[in-house]
Structures are given as C-alpha cells and as structure tokens.
Amino acid sequence: MIVVLDSAASIETVLPIIRQVAPRAVLLGEASPPLIALPTAAPEQAEAWAALPGVRRVIAGDAPVLSTFALHDQPYPVDVGPMRFGGRHIPVIAGPCSVDTPERLQRLAQGVKEAGATLLRGGAFKGRTSPYAFQGLGREGVTMLAEVGRATGLPVVTEVISESDVAWMAETVDMLQVGARNMHNTALLKLLGQQPTPVLLKRGFGSTVDELLRAADYVLAGGNSRVILCERGIRSFERGVRFSFDLSAFAKLKRESRLPIVVDPSHAAGDAPLVPTIARAAVAAGADGLLIEVHDAPPEALSDQEQALCPGPFSELMNTLRPIAAAVNRTL
Ligand code: PEP
Ligand code: MN
C-alpha cells in the first residue's frame, strides 16, 4: 500500500501516526509528492490513512506510481545538459560501444556531431556476458569521455555498473546509464535515486514492461526525478537477430509511462545493416530519443563490432530520419 502525502510539510505529522500501527512504514526518499510505503499494511487500514489530514490519497498494492500516470497526468520531459528528452525535438545519442583511444573518440564525437547527434555515448565499465571479454577502460575511459564531451560541446552518457562508482561518475558525466543486465539491481537503482544526475534505464532483455516501470520507480522514489527509459530489444526464439526490438512494449510504454522513451536499435539488431530500419520505425512510432552505436573501424572496436554503424552510414541514416520525424510533428 502507498500513502501519498500532500507535501513535504505533512511528513512530520503523518509518519509518526502511521508508524504507531505500521512500524514498517517507509518514507521514500525525497519523492514528490512524498510517499510512504506500507509493505505489510492490511487493506482495511486504507480508509483510516486516507482520512488523515495531510494525506492526498492511498493506493492499494505496490504498482509503479511515479513512472506512470497514477499520480501525475502530464508526461515528464527530462533535460540532459541543454538537450530535452520528451519535447518536440528528438535527441540522438551516438558513439562507440566502448571508448578506446582519445584520438578516435574525438574523431567520432566530431563526426556524429556534424551528422546531427546531440549527445555522446561511450562505455567504460562494460558488464560483459563473459569474464574473458573486454571489460572496458574503467575510470580512465570515463575521464576520456568527459574530456571529449567538453571539447566537442556534447553532453555524455556512460554506463555505471557498480555502486562504488556512482558518486564520482554522477559528478563526471551528464547521464548515467543502467544496462540491461542491471535493470533489476535494486541497490544500484536506490543509490541512483539519491543522485542529481539523470538516469538512462535500459530494459532488461528478459524483463516485462511492468518490471521496467517498477525499476524506474526505484530511482524516482529516491528523489531523482530525471529518469529516461530505453527499449533495447528482448530475447526471443529468433536466432537470426541478436535481440528482438519490442515495438509492442514500446507502444505500451508510450501509453503507460510519463517518462521519455529512448530506442536503442543497435543492441536490438546486433547487426549494422538492420539498425536503420529499426531506427526509422522507432522515430515513426514516437521515440523520444535514439541511442546508436557508431565506430569508424568496426573490426577494431573492442566490443559490439557487428552492430556499429560507420560515420558515413550514420550520417545517411540521420538524413532519412528527419522527414520521418517531421511527419510525426517532431524534429531531429
Ligand atoms: C551498451 O549500451 O553498450 C550496452 C551494454 O547495452 P545493454 O545494457 O542494453 O546491453
Ligand atoms: Mn554495446
């Protein structure tokens, strides 16, 4: 059960009263409006809590309420640096799967910027499926990404995989990515909820839409209101593609969530020639952003070689996306 308060001012009066009866009641971070979760409350208590002064409403069950329209009826755009996700313009996040050398990253950043990308991505902590695969450059890679981002004027996005890296990374980059393999890492999500930095939350490839929204609520309930969702493909019986882009889930998220939704066609396809088709479908369907892996020598890439677009094809893709964006009353 979730008790929704009118304002932060009500916490002091309402929480002690509820705790007398329900000692396990938890005040959820700095969520706005403030929420009190009652993990073990009996449904018959709902009426009593709803009648308390300072209580806006009581919601039975534990469904996601902050990432959905349960409490707020307006979509929630998220600003990352000067770029707005969830507005009329569709920001494109582009860059290599893994950052490798400063020279290449600088070249790529300049190339994707000229093609129209407005944020730079690059993995430095890679949560790889195999322990023997390249694990990323770590701190050095994050620093390199931040420096190149500053030099090119592009906000930067990178994945954080460990709680111990959250604090310094939150101060170093413009947006922290939670990878598909970490979507259920509740300790990481809770910690990200306490940061001022926007979070790009990728859907686990075996996770439902409802689970993604619940994961988003973990971050939002901690008080960090800037969460962007990312559909990046799920595992299906199809073996001809790396993952399956789940347009049905995207449509469902568009209806259910007030958060911006980015589509990652690169991981959904796993194969560069398939990326443009999915990207175009995503823009036509109303994506609030795209995340595309770009590398200038894919065979030399340290991870995800097959799916990286070269700067030329990336630029051509951007050109084909613009009229599609215009057709759905967006810009790109
Ligand atoms: C990535 O963005 O490079 C990545 C590892 O993505 P995912 O977590 O979706 O696999
Ligand atoms: Mn990748």
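The values are calculated or read from the model by the stated rules, or taken from the named source; none is laboratory data. Model, not experiment: these values are computed from the prediction. Positions of Cβ are generated from backbone atoms using ideal geometry, with glycine treated the same way; all protein chains shown enter the neighbour counts.
Is it the case that some residue within the stretch 217-226 is within 16 Å of ligand 2 (Cβ to nearest atom) and surrounded by fewer than 24 Cβ atoms within 10 Å (Cβ to Cβ)?
No.
Among the listed residues 270, 286, identify the single one that is within 16 Å of ligand 2 (Cβ to nearest atom) and at positive phi.
270
Just checking, which of 220, 201, 213 is of a type in the set (A, V, I, L, M), farther than 30 Å from residue 323 by Cα and either out of contact with any helix residue (DSSP H, G or I) (no Cβ under 8 Å at 6 or more places or on another chain) or within 12 Å of ligand 1 (Cβ to nearest atom) (or both)?
220
Taking only the stretch 45-73 into account, find how many residues are out of contact with any Ser or Thr (no Cβ under 9 Å at 6 or more places or on another chain) and not β-branched (Val, Ile, Thr).
16
Contact list please: Cβ distance under 8 Å, first residue in the stretch 262-280 and modelled with pLDDT of 95 or more, second residue within 12 Å of ligand 1 (Cβ to nearest atom) and among the β-branched types (Val, Ile, Thr), pairs at least six apart or on different chains.
These pairs meet every condition: 262/93; 264/292; 265/292; 266/292; 275/292; 278/263; 279/263; 279/292.
Residues 309, 290: which one is under 26 Å from residue 101 (Cα atoms), of a type outside the set (Asp, Glu) and more than 13 Å from ligand 1 (Cβ to nearest atom)?
Only one candidate passes the filter, namely 309.
Looking at the stretch 118-142, which of its residues are within 12 Å of ligand 1 (Cβ to nearest atom), charged (D, E, K, R) and closer than 21 Å to residue 107 by Cα?
If the condition is that a residue be within 12 Å of ligand 1 (Cβ to nearest atom), charged (D, E, K, R) and closer than 21 Å to residue 107 by Cα, then 121 is the only one that fits.
Regarding the stretch 49-59, can at least one residue be identified that is under 19 Å from residue 175 (Cα atoms), touching a helix residue (DSSP H, G or I) at 6+ places or on another chain (Cβ under 9 Å) and assigned to a helix (DSSP H, G or I)?
Checking the stretch 49-59: not a single residue is under 19 Å from residue 175 (Cα atoms), touching a helix residue (DSSP H, G or I) at 6+ places or on another chain (Cβ under 9 Å) and assigned to a helix (DSSP H, G or I).
Provide a single number: the residues in the stretch 289-300 that are crowded, with 21+ Cβ neighbours inside 10 Å and either more than 15 Å from ligand 2 (Cβ to nearest atom) or small (Gly, Ala, Ser) (or both).
Residues meeting the conditions: 1.
So which helices (runs of 4 or more DSSP H) are wholly in the stretch 254-332 and hold at least 2 residues that are within 25 Å of residue 80 (Cα to Cα) and touching a Phe, Trp or Tyr at 6+ places or on another chain (Cβ under 7 Å)?
Passing ranges, in order: 265-269, 275-285.
Answer yes or no as to whether residue 196 is assigned to a loop (DSSP other than H, G, I, E, B), away from ligand 1 (no atom under 16 Å from the Cβ) and farther than 16 Å from residue 294 by Cβ.
In short, yes.
When you go through 95, 116, 111 one by one, which is the residue that is away from ligand 2 (no atom under 16 Å from the Cβ), in contact (Cβ under 8 Å) with a residue 60 or more places away in the chain, over 16 Å from the mean Cα position of the chain (by Cα) and at positive phi?
116
Across the stretch 242-278, which residue is nearest to ligand 1 (Cβ to nearest atom) among those that are of a type in the set (Gly, Ala, Ser) and more than 18 Å from residue 200 (Cα to Cα)?
Residue satisfying both the conditions and the ranking: 270.
Go through the stretch 183-193 residue by residue and tally those that are within 16 Å of ligand 1 (Cβ to nearest atom) and assigned to a loop (DSSP other than H, G, I, E, B).
Number of matching residues: 3.
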